[in-house]
1. Anything in the stretch 324-352 that is more than 16 Å from ligand 2 (Cβ to nearest atom), surrounded by fewer than 17 Cβ atoms within 10 Å (Cβ to Cβ) and either over 21 Å from K275 (Cα atoms) or touching a residue at least 40 places away in the same chain (Cβ under 8 Å) (or both)? List them, or say none.
2. Please specify each residue of the stretch 164-174 satisfying the condition of being within 15 Å of ligand 3 (Cβ to nearest atom) and surrounded by fewer than 21 Cβ atoms within 10 Å (Cβ to Cβ).
3. Quick one: in the stretch 178-192, which of the residues that are open to solvent by 10 Å² or more (accessible area, probe 1.4 Å) and in contact with a strand residue (DSSP E or B) (Cβ under 7 Å, 6 or more places away or on another chain) is farthest from T90 (Cα to Cα)?
4. Which is within 16 Å of ligand 3 (Cβ to nearest atom), modelled with pLDDT of 95 or more and within 20 Å of Q371 (Cβ to Cβ), of T321, T335?
5. Answer yes or no as to whether M15 is in contact with a helix residue (DSSP H, G or I) (Cβ under 6 Å, 6 or more places away or on another chain), within 16 Å of ligand 3 (Cβ to nearest atom), of a type outside the set (D, E) and touching a residue at least 60 places away in the same chain (Cβ under 8 Å).
6. Would you pick out the residues in the stretch 438-462 that are touching a helix residue (DSSP H, G or I) at 6+ places or on another chain (Cβ under 7 Å), modelled with pLDDT of 90 or more and loosely packed, with under 13 Cβ neighbours inside 10 Å?
7. Is it the case that the stretch 358-367 has a residue that's surrounded by 20 or more Cβ atoms within 10 Å (Cβ to Cβ), touching a Lys or Arg at 6+ places or on another chain (Cβ under 8 Å) and not hydrophobic (A, V, I, L, M, F, W, C)?
8. Considering the stretch 369-390 alone, what residues qualify as being without any contact (Cβ under 8 Å) to a residue 60 or more places away in the chain, in a strand (DSSP E or B) and crowded, with 20+ Cβ neighbours inside 10 Å?
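The values are calculated or read from the model by the stated rules, or taken from the named source; none is laboratory data. The structure presented is a predicted model; accordingly, all values stated were derived computationally and were not measured. Neighbour counts run over all protein chains shown; Cβ positions are idealised from the backbone, glycine included. All accessible areas refer to the heavy atoms of the entire protein, side chains included, with ligands and DNA or RNA removed. Shrake-Rupley method; radii C 1.70, N 1.55, O 1.52, S 1.80 Å.
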Amino acid sequence: MSQPRYFIKTYGCQMNERDSEIMAGQLDQMGYQPSLTDREADLIVINTCAVRGSAEEHAFGYIGQLRQLKDEKPNLTLAVAGCMAQEPGTIAWLTKHAPQVDLVFGTHNLHQLPELLEQAEASDEMVIDVWQSAGEVVEHLPSHRKDGVRAFVNIIYGCDKFCTYCIVPFTRGKERSREIDPIVAEVSALAQEGYQDITVLGQNVNSYGHDLTPAKDLADLLVELEKIDGVRWLRYTTSHPRDFSQKLIDVIGASQKITHHVHLPVQAGSNPILKRMNRKYTKESYLDLIARVKDRIPDASLTTDIIVGFPGETEQDFLETLDLVRQVRYDAAFTFIYSPREKTPAARWEGRDPVPNPVKKDRLNRLMELQYQISWEANQALIGKEELVLVEGISKKNDRVWACRTHSNKVVLIDREPAEDLIDRFVPVRITGAKTFYLSGQQVGKPVSPPAPRRRIELPIV
Ligand code: SAH
Ligand code: SF4
Ligand code: F3S
């Protein structure tokens, strides 16, 4: 019999992407093989995100669509995993509207995937196994990495910050750090495989290590990871402004490897809103942090996340956000419309979601217009500069150009010499053009890194 095939559909953040790689690794070990489309798969795992209503709607829509496929292929196994599975509302919806689903499991027990699949195959009912809280950190899980050029490594799971709008502490549980040694071992192994661009991951990476004995911090960890031969760029995501220490700023500023891309989600520029969000900083203390970052890391590329339409946000509050954006001059910002989330404090406040939709949309548009202008200007300022870029692959839109990335995470498109395979190489380029979301450039020298060992690049995690 031919090997069964799996397809994993991933929504949400890099934590979910990484979880999908671990699920893929477990499935490989079970003798499954990846499928490039869902139609050819014998098992489809939907790894969901609950951070905003829109993310949930996409997943519900996809699960709905799969009903027909399941009718055509009764032996198909459908599994729902990820952050939505941690919500009782999802389980209720699935049992009522999606009887085609065979298995539901959450973020805390994905290491049990092999047993859970066996149970689901033996049962006529939907198997639901969602843990309410996390167990110990599980090490040594197999993994099938998606990306050919960059690798992601978990360092801390969960979040204890409880921002009043956010569901993540409920779907991912309390903060749990991995010990430094297994992280160093994982990154060393990746470097030996040829990965030169490593991102350490957590919902809040600068809380790393406070729960270890003896306590450690992110700066300590990054200093250890920097020593690993073969690692050229070291990134971290996501970082909270609250624990972004001076020690960390100094370590990043002095480092040749830790990239000078600093993502500091601000969420809002108004102090009353920040207080009600439970962010534990003010506009002034955030601007002071940014000033200290710019002082020690003068070429820092700054990015942020912003929510508009949080309950109680007035026009005046919103103008404070625009003012902050003008002062910081971010290279880019991820902007979101507030979405009330089950279980979170803000969703229980009177009025629940009081800012009317048209007002939210208008604020989002005004914010994006301002940010796009600033991003465009920041990119224009790079024209003529030389940058080292990592070639990630052939551009999806134009096969005559390479898509590359700078240390600051900006995309640079360069002309492709079909004879030379540059994938995975670091190449010096001169920036020759700039748009709001990407740059164009010209190669100005030989690759500075040797060809990396070939790895699998085509993977079925979508
Ligand atoms: N841990 C990260 C954020 C993870 S969620 C941090 O604190 O920075 C990514 C982004 O989604 C958040 O920064 C926030 O801007 C946005 N977000 C989270 N909950 C949201 C909600 N209920 N409505 C709209 N946006 C939300
Ligand atoms: Fe959510 Fe706040 Fe935790 Fe980020 S820090 S994951 S926004 S609760
Ligand atoms: Fe979404 Fe869960 Fe990440 S809610 S943003 S997938 S931690």
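1. Of the stretch 324-352, the ones more than 16 Å from ligand 2 (Cβ to nearest atom) are 324-332, 349-352.
Those still in the list that are surrounded by fewer than 17 Cβ atoms within 10 Å (Cβ to Cβ) too: 326-327, 329, 349-352.
Selection gives R326, Q327, R329, G351, R352.
2. Going residue by residue through the stretch 164-174, those that are within 15 Å of ligand 3 (Cβ to nearest atom) are 165-174.
The answer is P169, F170, K174.
3. Residues of the stretch 178-192 that are open to solvent by 10 Å² or more (accessible area, probe 1.4 Å), as a first pass: 178-182, 184-186, 188-189, 191-192.
Those left that are additionally in contact with a strand residue (DSSP E or B) (Cβ under 7 Å, 6 or more places away or on another chain): 178, 186.
Numbers: R178: 30, E186: 34 Å.
Ranking the candidates gives E186 first.
4. Working: T321 fails: within 16 Å of ligand 3 (Cβ to nearest atom).
Just a single option satisfies the conditions, and that option is T335.
5. Numbers: in contact with a helix residue (DSSP H, G or I) (Cβ under 6 Å, 6 or more places away or on another chain): no; within 16 Å of ligand 3 (Cβ to nearest atom): yes; of a type outside the set (D, E): yes; touching a residue at least 60 places away in the same chain (Cβ under 8 Å): yes.
So M15 fails the test.
6. Start the filter on the stretch 438-462 by keeping residues that are touching a helix residue (DSSP H, G or I) at 6+ places or on another chain (Cβ under 7 Å), which leaves 439, 453, 455, 461.
Checking the rest, the ones that are also modelled with pLDDT of 90 or more come to 439.
Matches in the stretch 438-462: none.
7. Scanning the stretch 358-367, I find no residue that is surrounded by 20 or more Cβ atoms within 10 Å (Cβ to Cβ), touching a Lys or Arg at 6+ places or on another chain (Cβ under 8 Å) and not hydrophobic (A, V, I, L, M, F, W, C), so the answer is no.
8. If the condition is that a residue be without any contact (Cβ under 8 Å) to a residue 60 or more places away in the chain, in a strand (DSSP E or B) and crowded, with 20+ Cβ neighbours inside 10 Å, then E387, V389 are the ones that fit.
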